[in-house]
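Q: For reference, the structure I am asking about is given below.
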Amino acid sequence: MMLWRQFAMEWRLYSRDRAAMFWTMAFPVILLLFFGTILGGGDGLKLSVVRVQSQAPGPRDAALDQALADLQLKVQALPKAEAEARWSRGETVALLEPEGEGYRLRLNSYLMAQAGATAGLVNQAWLVAQARLSGAPEPLRIPAQVESPGRKRATNYASFLLPGLLGLNLVSMGLFSVGMVNVSYREKGKFRRLAVTPLPKWIFLLGQVLHRLTVTVIQAGILLLVGRLVFGIQNQGSFLNLLLIMTLGTGCFMAFGFALSGFAETSEGYAALSNLVFLPLMMLSGIYFTLDAAPTWLQHAVAVMPLAPFVRVLRAVFNDGAGLAGHGLGLAIVAAWGFAAFILAVRRFRWA
């Protein structure tokens, strides 16, 4: 069968570059292991405070230390000179030091996400310590529970990251593997030679699509396996729904690659054009962090970009076991982008 032979040929060409094939499979795994470990692959990010040692520790200091320990806040007690040196090097999130009859808390302005949460715990501990010293009832705290948005199970940062990396892989595959290869073929005259052969165009294009689809499936399988073995992450939803979403995303971002390849004459030109598309998608689509602190206009703009709704639906299914019924708008946005890119790719495609 001609399609099968073309599919096998695409795999032979792909497997010749062993280094590229290795990094295609390994790079997302390295990202997952690195960020998942550094930013809390197990019990989550540990909040910490550096505490300047008092010259003459008293009951107040002991009560505060006990209250901080009860809140499971990591406390490192250091002499004042050493604490100041660490602060000046930017190594401290929050610095707690005695001042008068109380304390002063300095928060690192570069690390406000951690510092803000730390400040809340320190203030809670101070209220508890004061109550214990005065013999008054301890202030009641609102109980907090860590769980994913869909309330399926408590998740760590690695669980948040893994679906984002799956989406990023599809974008990378579409823009760099599909688009760059087609520009390279046209630039080197391979398309002109193919145009005079009996090989139908649709066989050639479909062979590329099927090859990239199988590469994507293998990538996803490796990433899911590493996530399960290292971080205990597992799919909470339907594997069929997961496959349908991945198929839709693959079609959308491969269409992006085909479409962009029609606007570049050289590989260098395509590299600049594809990065112009790839970098905003990577940075603004919620792969590594959410944009809830970004300006409202930016959040609305990102919501209609193709990768952001794709990753949102993928996380809902993978992390929270959601169905597809409540995510019709997000899937429609991805499908609309894919359809528009496909139409543009057909119009811009040329053999020479």
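Values in this text are rule-based calculations from the coordinates and carry no lab data. From a predicted model like this one, the values you see are computed outputs, not experimental measurements. Glycine gets a Cβ as well: all are built from the backbone with ideal geometry, and neighbour counts include every protein chain shown.
Q: Pull out a ≥ b ≥ c, the square roots of the eigenvalues of the alpha-carbon gyration tensor of region 48-134, then state rounded if a/c is under 1.5, prolate if not and a/b is larger than b/c, and oblate in the remaining case. All intermediate terms of the calculation are to be shown ahead of the outcome.
A: Values: a/c = 2.09, a/b = 1.32, b/c = 1.58.
Oblate.
Q: Oh, and also: Karplus couplings for region 312-318 from phi (6.51 cos²θ - 1.76 cosθ + 1.60, θ = phi - 60°), rounded to Hz, Gly and Pro as x?
A: 5, 5, 4, 5, 4, 6, 6
Q: Now a separate question. Throw me the Rg/Rh for region 225-304, computed over C-alpha atoms with Kirkwood Rh, two decimals. Before the final figure, lay out the partial values.
A: Details: Rg = 16.6 Å, Rh = 15.7 Å.
Reported Rg/Rh, Kirkwood definition of Rh: 1.06.
Q: Gaussian network model of the chain, Cα springs within a sub-10 Å range: biggest mean-square fluctuation belongs to which of Val230, Val196, Val178?
A: The residue that fluctuates most here is Val196.
Q: Which value, in debye to the nearest 20, gives the size of the charge dipole of region 247-352 about its Cα centre, when Lys and Arg are +1 and Asp and Glu are -1 at the Cβ? Don't skip to the answer; put the middle values down first.
A: Values: 5 positive and 4 negative charges, 51 e Å.
With Lys and Arg at +1 and Asp and Glu at -1, about 240 debye.
Q: Let me ask something else. Report the normalised scattering of region 1-80 as log10 I(q)/I(0) at q = 0.24 Å⁻¹, calculated by the Debye formula with identical scatterers on the alpha carbons.
A: Evaluating at q = 0.24 Å⁻¹ gives log10 I(q)/I(0) of -1.08.
Q: From the phi angles alone, apply the Karplus equation (6.51, -1.76, 1.60; θ = phi - 60°) to region 244-257 and give each ³J(HN,Hα) in whole Hz, x where the residue is Gly or Pro.
A: My calculation for region 244-257 gives 5, 5, 5, 5, 4, x, 4, x, 5, 7, 5, 4, 4, x Hz in order.
Q: Right, next: Which whole-number percentage describes the relative contact order of region 48-134, with Cα contacts under 8 Å and a sequence gap of 6 or more? Before the final figure, lay out the partial values.
A: Working: 114 pairs, mean separation 33.1, N = 87.
It rounds to 38 percent for region 48-134.
Q: Looking at region 70-200, I'd like the Rg to Rh ratio, where Rg is from alpha-carbon atoms and Rh is Kirkwood's inverse mean 1/r. It would help to have the intermediate numbers written out before the result.
A: On the way: Rg = 27.9 Å, Rh = 20.8 Å.
Answer for region 70-200: 1.34.
Q: Where the convex hull is taken over the Cα atoms of the chain, what is its projected area averaged over directions, in nm²? Spell out each step's value before the answer.
A: On the way: hull surface 90.2 nm².
For the chain, averaging the hull's shadow over all directions gives 22.5 nm².
Q: Leu291 versus Ala340, label points 7 Å from Cα toward the beta carbon: distance in nm?
A: Those two pseudo-labels are separated by 1.5 nm.
Q: On a full-extension model of 0.36 nm per residue, what is the gain between Ser184 and Ala136, subtracting their alpha-carbon distance, rounded to one decimal in nm?
A: In short, 9.7 nm is gained.
Q: Moving on to the next point. Can you tell me, using C-alpha contacts under 8 Å and at least 6 residues apart, the relative contact order of the chain as a whole percent?
A: Details: 439 pairs, mean separation 72.9, N = 352.
Relative contact order here is 21 percent.
Q: Here's another thing I want to ask about it. Could you give the size of the charge dipole of the chain about its Cα centre, using +1 on the Cβ of each K and R and -1 on the Cβ of each D and E, expressed in debye and rounded to the nearest 20?
A: Values: 31 positive and 19 negative charges, 339 e Å.
So the magnitude is around 1620 debye.
Q: Further question on the same structure: Can you give the FRET efficiency for His300 and Ala77, using 1/(1 + (r/R0)^6), R0 = 30 Å, r = Cβ-Cβ distance, to the nearest 0.05? Write down the numbers at each step before the final one.
A: Numbers: r = 47 Å, r/R0 = 1.55.
Here the calculated transfer efficiency is 0.05.
Q: Across the chain, how many lysine pairs, 8 or more positions apart or on different chains, have C-alpha atoms separated by under 28 Å? Please give the number.
A: Details: Lys46/Lys74; Lys46/Lys80; Lys46/Lys152; Lys188/Lys201; Lys190/Lys201.
Step by step, the pairs that qualify in the chain add up to 5.
Q: A further question on this structure: Could you pull out every residue, at least 5 positions away or on a different chain, whose amide H is within less than 5 Å of the one on Ala77? Hs are placed 1.01 Å off N in the peptide plane, and Pro or chain starts have none.
A: Result for Ala77 returns Arg51.
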